[in-house]
1. Taking neighbour counts of Cβ atoms within 10 Å as a proxy for exposure, in what order, fewest first, do 323, 17, 57 appear?
2. Taking each pair of different alpha-carbon atoms in the chain once, compute 1/r for the pair, average those values, and report the inverse of that mean as the Kirkwood hydrodynamic radius in Å to one decimal.
3. Quick one: go through segment 273-309 and flag any residue whose amide nitrogen is under 17 Å from the point 7 Å out along the Cα-to-Cβ line of residue 111.
4. Obtain the nm distance between the two label points defined at residue 217 and residue 315 by a simple spin-label model: each point lies 7 Å from its Cα along the Cα-to-C-beta direction.
5. Could you calculate the FRET efficiency of residue 59 with residue 24 from 1/(1 + (r/R0)^6), where r is the beta carbon distance between them and R0 is 25 Å, rounded to 0.05?
6. Take peptides 278-286, 401-409, 131-139 and line them up by average Cβ neighbours within 10 Å, highest first, as a rough protection proxy.
7. How much length would be gained if the chain were fully extended between residue 85 and residue 240, taking 0.36 nm per residue of separation minus their Cα-Cα distance, in nm to one decimal?
8. Output the 0 to 90 degree angle, nearest 10, between the alpha-carbon long axis of helix 406-417 and the longest principal axis computed from the alpha carbons of the chain.
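Derivation of every value follows stated rules applied to the coordinates shown; laboratory data play no part. Every value quoted in this text rests on a predicted model; they were computed, and no experiment measured them. Note: ideal-geometry Cβ built from the backbone for every residue, glycine included; neighbour counts use all protein chains shown.
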Ligand code: AMP
Ligand code: GLY
């Protein structure tokens, strides 16, 4: 089979790494990919949002299956376009992608199907929102309705900060048109967990759970990021919680999709708050999480290509999905300054020094080729490569280790993190620390 993965982050690297293990795979491509993905797949220089370009290339190259990683092309309708071009695709169509692209779409879906979530109200003009400031008390949860690269949720602690945030979102338009509509929610308390599920039109199958660390600094301090690390399985889950999630969230969600004519096929990522009153949905995303995928796919025993094909063919119920009885920990190495502004092009060293069973998933990396006649930027010698891996994004690498126990996986991940370096590199030391909650 010829498979094309769309995207360029750590998530897409993990997907490519796992797909490569399938005996059914003949050729693997990734558009646009990154320096790490290039070792597992042939990178094709087309941007993930260039839907026309991707469709044309996939058709020309007789791709049997396309797998879409990021949310933006999904919201733009890449799945509809690829399917129209006759290419089997793993990912939700444009109609279903609203579940991530519009908070208000998801809130009304959850409310309509009695799925536990925070109470909410939505606003399309600044004056009515200012008149309702603090409507549910403080902290006040303000959410830009549209996609804002994971940054569209602002949670001011008091009235003055809330007014300032509303001015920024609706007055200064810091999130552009994504905040033309704002959803205000009750503030939920509890601990957060991520649950990724494979979904087709008849079946929803949760993957193993994962725990994400969203803030930049140790102790959950500082601004939100795309995710600074994960571990799997989550230590917060037990049979009782899983049963509650299944009965109160997963089953009504699938029934709701069927009732509303949402023919969802792909991954549904459920952001959960495990509150004293039971699990509640914070948000839906309609793709694999990043960096949840890195920890979770390291533990998948089954053939990922079989699962993708089954979902695309609405035969998910026919595949058995098995997990390894191991724990996984992924530590993200980020550029100095991230999630604010940061410099790119920093030489990464130590990538060849990691243990064989540890996987370093690449996110913001690229291959810098040295000019003719110069020494290799990596080994500083006359090697043949003349190329070096340099940073090219905020989240750069995800060092992912497995172990028989959580502590073993954690120790191995951090031991390997210390062998890698680049100027300004930052990471959280408390990823997987059990007593943080
Ligand atoms: P979201 O993008 O909707 O997942 O929100 C980003 C983060 O904001 C979440 O991971 C939570 O930490 C926080 N958050 C979102 N909604 C709520 C809520 N209703 N109550 C408390 N925290 C929230
Ligand atoms: N790690 C959170 C996300 O992928 O949205």
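1. Fewest-to-most ranking of 323, 17, 57: 323, 57, 17.
2. Taking the inverse mean of 1/r over all distinct Cα pairs, the chain comes out at 22.4 Å.
3. 281-284
4. So the label points at residue 217 and residue 315 sit 5.3 nm apart.
5. After rounding, the FRET efficiency stands at 0.75.
6. 278-286, 401-409, 131-139
7. Result: 51.3 nm gained on full extension.
8. Once rounded, one gets 60 degrees.
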